[in-house]
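Trainee: I have a structure here, written as structure tokens, and I will follow up with some questions on it.
The values are calculated or read from the model by the stated rules, or taken from the named source; none is laboratory data. On a predicted model such as this, the values are computed, not experimentally measured, just so you know. Note that each Cβ is placed from the backbone with ideal geometry, even for glycine, and that neighbours are counted across all protein chains shown.
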Amino acid sequence: MTTGPDLADVSLPSRVAAPDEAVGADELGLAARNHGMPLELLRHDLTPVGAHYLLTHYDIPYVAEQTFRLDVGGAVRTPLSLDLAAIRDRPAVTMPVTLECAGNGRARFHPRPVSQPWLHEAVGTMAWTGTPLGPLLSEAGIDEDAVDVVFTGADHGIERGVEQDYARSLSVKAALDGDALLAWGCNGVDLPPQHGAPLRLVVPGWYGMASVKWLRSIKAVTEPFDGYQMRAYRMRQHSDEPGEALTLIAPRALMAPPGFPDFMSRTRVVRMGRHELEGRAWSGHGEITSVEVTVDSGATWLPAKLDTPSGPFAWRRWTLPWEVDSAGRWILSARAVDSTGRAQPTELNEQHWNRGGFANTSLQRVEVVVLG
């Protein structure tokens with residue numbers, strides 16, 4: 001008779017792979033369940049619903065619309081219990097928002113933190129439709145001594161030995177005064193099951209872990225919320241340190257791969273002549289103010305042209321003409337700077353390593369072979 005894993009054995013902090021350790025079957029299993037956005041879709045203002053990146057910690061729960069209720073309680077003056085129709089009857093807005101997984105780029109770290117092995121593709125932008133969170137909380141009347149608002153989803157599982165419902169919190173100020181949405185639609189259609197149907201939280205500018213899916217309860221609390229998911233998403237060098245909490249998305253630029261690919265290596269192939277390089281850049285800290293592109297492995301950087309963004313929380317398109325007059329092999333990259341002065345590295349191999357594999361904004365390396 002076979003037995004399952006000893007859950008006590010996985011209660012330790014996330015493991016870091018040995019220097020020569022290949023991606024394991026457990027990581028491949030995660031990669032088969034979750035998926036990134038094909039980078040050629042950076043040419044679209046809005047990511048098609050089925051191509052937007054997806055990270056599901058546990059199972060995709062089945063939540064029937066007919067019996068769904070959102071409970072708003074805890075340290076509030078007027079607890080609420082709303083069905084989906086009552087939520088949809090509230091004032092609605094549609095907002096393009098770029099969401100990115102905090103672990104995007106994890107597989108590029110050396111040594112590699114063992115978890116979902118993202119390269120660069122854990123991102124997407126959709127037009128989310130819902131009702132603003134702040135007015136609903138104001139209607140419930142948050143008590144003056146409340147400090148956090150906790151959002152709990154219907155997804156349930158075990159992570160590092162801890163059985164839990166997926167739950168994250170925002171400060172009262174961020175929940176009341178921010179731009180968070182209770183969303184029931186995306187790109188003009190109802191939320192699909194994998195994106196949190198029938199209702200989810202969308203927190204613009206924050207890494208994706210804050211946007212709780214399959215939302216079932218909102219609770220104001222008078223002590224800082226210290227649930228597992230709040231402790232897990234922190235920047236640590238060592239497992240025994242508290243680390244810095246992840247919040248807003250760091251600036252990043254990605255390039256839509258030019259030309260056509262080699263099937264296995266994804267090396268790009270183009271012919272000599274004029275090409276237009278393009279991609280998208282985004283930041284949760286402020287508007288993207290510049291994108292620079294290198295076509296010679298970082299020896300020189302050229303300023304790209306920026307299009308007008310479709311919204312304050314949506315990625316920004318950039319373009320750069322590239323005239324190629326000789327055959328050879330090239331390494332292309334792009335880097336972004338936002339209005340706060342935050343920027344991606346200039347060195348192609350520069351990394352800010354951390355144990356969770358979070359916020360790796362090291363440069364995308366696009367290898368291009370030019371045919372004569």
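Trainee: With within 23 Å of Tyr233 (Cβ to Cβ), assigned by TED's automatic domain parsing to the domain that holds Val23, in contact (Cβ under 8 Å) with a residue 40 or more places away in the chain and among the hydrophobic types (A, V, I, L, M, F, W, C) as the only criterion, which of Leu80, Leu176 stands out?
Mentor: Working: Leu80 fails: within 23 Å of Tyr233 (Cβ to Cβ).
Unique residue meeting the criteria: Leu176.
Trainee: Does Thr247 fit the bill of being of a type in the set (S, T, N, Q), assigned by TED's automatic domain parsing to the domain that holds Asn349 and within 25 Å of Arg316 (Cα to Cα)?
Mentor: Working: of a type in the set (S, T, N, Q): yes; assigned by TED's automatic domain parsing to the domain that holds Asn349: no; within 25 Å of Arg316 (Cα to Cα): yes.
Considered against the rule, which asks whether it is of a type in the set (S, T, N, Q), assigned by TED's automatic domain parsing to the domain that holds Asn349 and within 25 Å of Arg316 (Cα to Cα), Thr247 comes out as no.
Trainee: Restricting attention to the range 26-79, and to residues there that are surrounded by 13 or more Cβ atoms within 10 Å (Cβ to Cβ) and of a type in the set (Ser, Thr, Tyr), which single residue is nearest to Trp128 (Cα to Cα)?
Mentor: The qualifying residue nearest to Trp128 (Cα to Cα) is Thr47.
Trainee: Could you say whether any residue in the range 279-301 is surrounded by 15 or more Cβ atoms within 10 Å (Cβ to Cβ), touching a helix residue (DSSP H, G or I) at 6+ places or on another chain (Cβ under 6 Å) and either of a type in the set (A, V, I, L, M, F, W, C) or in contact (Cβ under 8 Å) with a residue 24 or more places away in the chain (or both)?
Mentor: Within the range 279-301, one or more residues are surrounded by 15 or more Cβ atoms within 10 Å (Cβ to Cβ), touching a helix residue (DSSP H, G or I) at 6+ places or on another chain (Cβ under 6 Å) and either of a type in the set (A, V, I, L, M, F, W, C) or in contact (Cβ under 8 Å) with a residue 24 or more places away in the chain (or both).
Trainee: Would the range 276-290 turn up any residue that is assigned to a loop (DSSP other than H, G, I, E, B), more than 21 Å from the chain's Cα centre (by Cα) and not assigned by TED's automatic domain parsing to the domain that holds Arg43?
Mentor: Keep residues of the range 276-290 that are assigned to a loop (DSSP other than H, G, I, E, B), which gives 283-287.
Those left that are additionally more than 21 Å from the chain's Cα centre (by Cα): none.
Among the residues of the range 276-290, not one is assigned to a loop (DSSP other than H, G, I, E, B), more than 21 Å from the chain's Cα centre (by Cα) and not assigned by TED's automatic domain parsing to the domain that holds Arg43, which makes the answer no.
Trainee: What do you reckon, is Phe358 of a type outside the set (Val, Ile, Thr), within 26 Å of Met126 (Cβ to Cβ) and assigned to a loop (DSSP other than H, G, I, E, B)? Give the derivation first.
Mentor: Numbers: of a type outside the set (Val, Ile, Thr): yes; within 26 Å of Met126 (Cβ to Cβ): yes; assigned to a loop (DSSP other than H, G, I, E, B): yes.
Judged against the criteria, Phe358 is a match.
Trainee: Please work out which residue is nearest to Leu80 (Cα to Cα), limiting yourself to the range 214-241 and to residues that are among the polar types (S, T, N, Q) and surrounded by 14 or more Cβ atoms within 10 Å (Cβ to Cβ). Before the answer, list the steps.
Mentor: Looking only at the range 214-241, we keep the residues that are among the polar types (S, T, N, Q), and these are 217, 222, 229, 237, 239.
Adding the requirement that they be surrounded by 14 or more Cβ atoms within 10 Å (Cβ to Cβ) leaves 217, 229.
Details: Ser217: 10, Gln229: 25 Å.
Within the range 214-241, the match that is nearest to Leu80 (Cα to Cα) is Ser217.
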